[in-house]
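S.K.: For reference, the structure I am asking about is given below.
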Amino acid sequence: MFSKVTRFLKPSSYNPVLDVPKVRIQPVLAREGEPSVKVADVSRCAGDNAIFNELVCVKDPEHWNQLIANLGDDVDLIMPISSPCYPTEIWNECPEVLVKRGIPVLFWPLIEFDEPDFWKWSAADFLRALGCQVHLVKNCAEGNMLLRALRVKKFLANGKMVVFGKQNFPWNALAGGKLIKDNIGTQLIIRPLESFREAGAKFSDEELLAYWEEHKARYIDQVPEHGELVKALRTWFGIKSVLKEEKAFGFGVNCYGELLTSGGRDVPCLAQALAREEGYIASCDGDYCAMLNMAMISFLLNKPCMMSNIYPLSYAGALNGHFGDPLDAPQYSGKKHNLARMGHCGYVGVVPAEMSPSGKARLCDWGGTYEMKRDGLGCGVDCDLAGNQEFTGIELHLNGKDLLIAHGKVLETSRHPFSHCETTGLLEFDDLEYCIKNISREHLVLGFGDFRRDMEILAEVMKLNIL
């Protein structure tokens, strides 16, 4: 039942910055008569996802043109409703004003039958041909998901994320942030590592440990040095201070490009886990596209998700060079062409406790890598990823336009006899070759269950190209 698990949020975690705005819909009745879809019924289907303006019945072309032209900028969707259900409607007669306003058009399904209104096939194609964005909804469930997707689009378009550290990875926010801003709307704020270190230094050990008492139930503390746990909490308090200052919904830290290579061990692994409990988005290495992917899954589906590096087992030479071992899985030898390991910093990655069979994560020292040796410092997160679970993975390309959607199964979490690689997740993809052909980078974001269709709806709303 892991596919049904929702993300864990602390009851006291409410933060207005993390509120996903509702969609405002303007219903328009083509003429006097019985509407093909009743607004009250649509409102019940939409639940908390939408606010409906009062239904307006069109009197004549002049009224129609004035109505659409003067709609407020807060209107996200125009919902044309027929009366009766024939394709000779005012929006076909006078479509120019819809094109000029650029507000997307929503044709809701016939609720009584839970099927699309086929009389809108031609209207949808006609308006699209003229340049309108049109949503011809298949059924009420997909309509509800569409509204949620529109909410997420609005949220991301007006949101901010913070990336800490030098921009020396291929996901360089200084060079690539404009692509994200132009295509999605999210603003990337670049802050130095010292900004969260200075902010964290303002908190006493007593404050940090009092906070930990309220949060430690989901963790097994096996950090060798108590001071390293306190350091990790201080890191989270510093990061959270910056997030509040910037009014940002997520963060990432450039660990390998600056923090660790300069000798720092105030790694943000625990900070990521605690941030997610408070509703924030957090991913490794300052990968802002992975952060956006996590936001898509978290805010659209309310599912827990995680990100990590994927290593195809067919790349035995590269794995041996990075881990000192090919990390083979001989028990699955017949599936090797579709198998990949998932791991980061000695462990599977920062796995949310609710994605683990035990419901808890083990805190230990930072795991290191084959190239950067483990030294017993830092506070890492070692958490098993539940096995025998269907997964959906997504990866937004760095152009902010293309989206890879993958599907497969988490086979198991494997334990290894290497101090720099204690655990990895073993994934079986439906078609790993397809994923590699369309891959952007090693970071994949995944959640349990098959939600490929939900991601397709979100991609349509956000005008992303599915690869």
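The values are calculated or read from the model by the stated rules, or taken from the named source; none is laboratory data. Predicted model only: the values in this text are computed from it and were never measured. In this analysis, Cβ positions are derived from the backbone assuming ideal geometry, glycine residues included, and neighbour counts consider all displayed protein chains. These accessible areas exclude ligands, DNA and RNA; they are computed on the full protein's heavy atoms, side chains included. Shrake-Rupley method; radii C 1.70, N 1.55, O 1.52, S 1.80 Å.
S.K.: Output the residue which, of all residues in region 313-339 that are of a type in the set (Gly, Ala, Ser) and assigned to a helix (DSSP H, G or I), is surrounded by the most Cβ atoms within 10 Å (Cβ to Cβ).
M.R.: Here the residue is Ala316.
S.K.: Of everything in region 424-467, what is among the basic types (Lys, Arg) and either in contact with a Pro (Cβ under 6 Å, 6 or more places away or on another chain) or farther than 27 Å from Glu354 by Cα (or both)? Give them in sequence order.
M.R.: Narrowing region 424-467 to residues among the basic types (Lys, Arg): 437, 441, 452-453, 463.
Correct list: Lys437, Lys463.
S.K.: From the residues in region 160-176 that are in a helix (DSSP H, G or I) and open to solvent by less than 40 Å² (accessible area, probe 1.4 Å), which one is farthest from Val253 (Cα to Cα)? Full working, then the answer.
M.R.: Residues of region 160-176 in a helix (DSSP H, G or I): 173-176.
Within this subset, residues satisfying the condition of being open to solvent by less than 40 Å² (accessible area, probe 1.4 Å) are 173, 176.
Working: Ala173: 12, Gly176: 16 Å.
That would be Gly176.
S.K.: Here is a follow-up. Looking at region 1-97, what helices (runs of 4 or more DSSP H) fall wholly within it and have at least 3 residues that are under 25 Å from Arg148 (Cβ atoms) and out of contact with any Lys or Arg (no Cβ under 9 Å at 6 or more places or on another chain)?
M.R.: Numbers: elements: 39-46, 61-69, 90-93.
The helices (runs of 4 or more DSSP H) meeting that bar are 39-46.
S.K.: Restricting to region 57-94, name every residue that is of a type in the set (Val, Ile, Thr) and either exposed (fewer than 15 other Cβ atoms within 10 Å of the Cβ) or within 36 Å of the chain's Cα centre (by Cα) (or both). Even if it seems obvious, please write down each step before you answer.
M.R.: Let us first name the residues in region 57-94 that are of a type in the set (Val, Ile, Thr), namely 58, 68, 75, 78, 81, 88, 90.
Across region 57-94, the qualifying residues are Ile68, Val75, Ile78, Ile81, Thr88.
S.K.: I need every pair where a residue in region 34-49 that is closer than 17 Å to Lys22 by Cβ has its Cβ under 6 Å from the Cβ of a residue that is open to solvent by less than 40 Å² (accessible area, probe 1.4 Å) and assigned to a helix (DSSP H, G or I), sequence separation at least 6 or different chains.
M.R.: So the pair list comes out as Cys45/Cys140; Ala46/Leu147; Asn49/Leu147.
S.K.: Within region 436-449, which residues are free of Cβ contacts under 8 Å to residues at least 40 places away in the same chain and open to solvent by less than 50 Å² (accessible area, probe 1.4 Å)? Even if it seems obvious, please write down each step before you answer.
M.R.: Residues of region 436-449 that are free of Cβ contacts under 8 Å to residues at least 40 places away in the same chain, as a first pass: 437-438.
Across region 436-449, the qualifying residue is only Asn438.
S.K.: Just give me the residues in region 115-159 being part of a helix (DSSP H, G or I) and closer than 23 Å to Pro84 by Cα, in sequence order.
M.R.: Narrowing region 115-159 to residues part of a helix (DSSP H, G or I): 120-130, 140-157.
Of everything in region 115-159, those that are part of a helix (DSSP H, G or I) and closer than 23 Å to Pro84 by Cα turn out to be Lys120, Trp121, Ser122, Ala123, Ala124, Asp125, Phe126, Leu127, Arg128, Cys140, Gly143.
S.K.: Take the conditions assigned to a helix (DSSP H, G or I) and touching a Lys or Arg at 6+ places or on another chain (Cβ under 6 Å) and apply them to Gly257. Does it pass? First the steps, then the outcome.
M.R.: Values: assigned to a helix (DSSP H, G or I): yes; touching a Lys or Arg at 6+ places or on another chain (Cβ under 6 Å): yes.
Yes; evaluated as a whole, the condition is true for this residue.
S.K.: What is the residue count in region 141-159 for residues that are in contact (Cβ under 8 Å) with a residue 60 or more places away in the chain, more than 30 Å from Leu188 (Cα to Cα) and open to solvent by 20 Å² or more (accessible area, probe 1.4 Å)?
M.R.: 1
S.K.: Within region 187-208, can you find the residues that are open to solvent by less than 60 Å² (accessible area, probe 1.4 Å) and part of a loop (DSSP other than H, G, I, E, B)? Spell out the reasoning first.
M.R.: Going through region 187-208, the residues open to solvent by less than 60 Å² (accessible area, probe 1.4 Å) turn out to be 188-189, 191, 193, 195-196, 199-200, 203-204, 208.
Residues satisfying the conditions are Phe203, Ser204.
S.K.: Another question, if that's okay. Could you grab me the full set of residues in region 274-288 that are surrounded by fewer than 24 Cβ atoms within 10 Å (Cβ to Cβ) and hydrophobic (A, V, I, L, M, F, W, C)?
M.R.: Correct list: Ala275 only.
S.K.: Moving to a separate point now. Just checking, does region 392-406 include any residue being more than 30 Å from Lys178 (Cβ to Cβ) and open to solvent by 10 Å² or more (accessible area, probe 1.4 Å)?
M.R.: From region 392-406, those more than 30 Å from Lys178 (Cβ to Cβ) are none; that's our starting set.
For region 392-406, residues more than 30 Å from Lys178 (Cβ to Cβ) and open to solvent by 10 Å² or more (accessible area, probe 1.4 Å): absent.
S.K.: Looking only at region 452-467, which residues are within 13 Å of the chain's Cα centre (by Cα) and among the polar types (S, T, N, Q)?
M.R.: none
S.K.: If we only count strands (runs of 3 or more DSSP E) wholly inside region 373-427, which ones have 1 or more residues that are in contact (Cβ under 8 Å) with a residue 60 or more places away in the chain and either basic (Lys, Arg) or under 19 Å from Asn320 (Cβ atoms) (or both)? I'd like the intermediate steps shown before the answer.
M.R.: Numbers: elements: 380-382, 389-396, 402-418.
Ranges flagged: 402-418.
S.K.: Okay, moving on. Do you know which of the residues in region 291-312 that are part of a helix (DSSP H, G or I) and among the aliphatic types (A, V, I, L, M) is most open to solvent (accessible area, probe 1.4 Å)? Show your work before the answer.
M.R.: First, the residues of region 291-312 that are part of a helix (DSSP H, G or I): 291-301.
After this cut, where a residue has to be among the aliphatic types (A, V, I, L, M) as well, the list is 291-292, 294-297, 300-301.
Values: Met291: 0, Leu292: 0, Met294: 4, Ala295: 0, Met296: 1, Ile297: 0, Leu300: 2, Leu301: 24 Å².
The extreme case among them is Leu301.
S.K.: Also, I was wondering about something else. Among the residues of region 37-48, how many are in contact with a strand residue (DSSP E or B) (Cβ under 6 Å, 6 or more places away or on another chain) and surrounded by 17 or more Cβ atoms within 10 Å (Cβ to Cβ)?
M.R.: The initial filter retains those residues of region 37-48 that are in contact with a strand residue (DSSP E or B) (Cβ under 6 Å, 6 or more places away or on another chain), namely 37, 39, 43.
Filter once more, so that each one left must be surrounded by 17 or more Cβ atoms within 10 Å (Cβ to Cβ): 37, 39.
Qualifying residue count for the region: 2.
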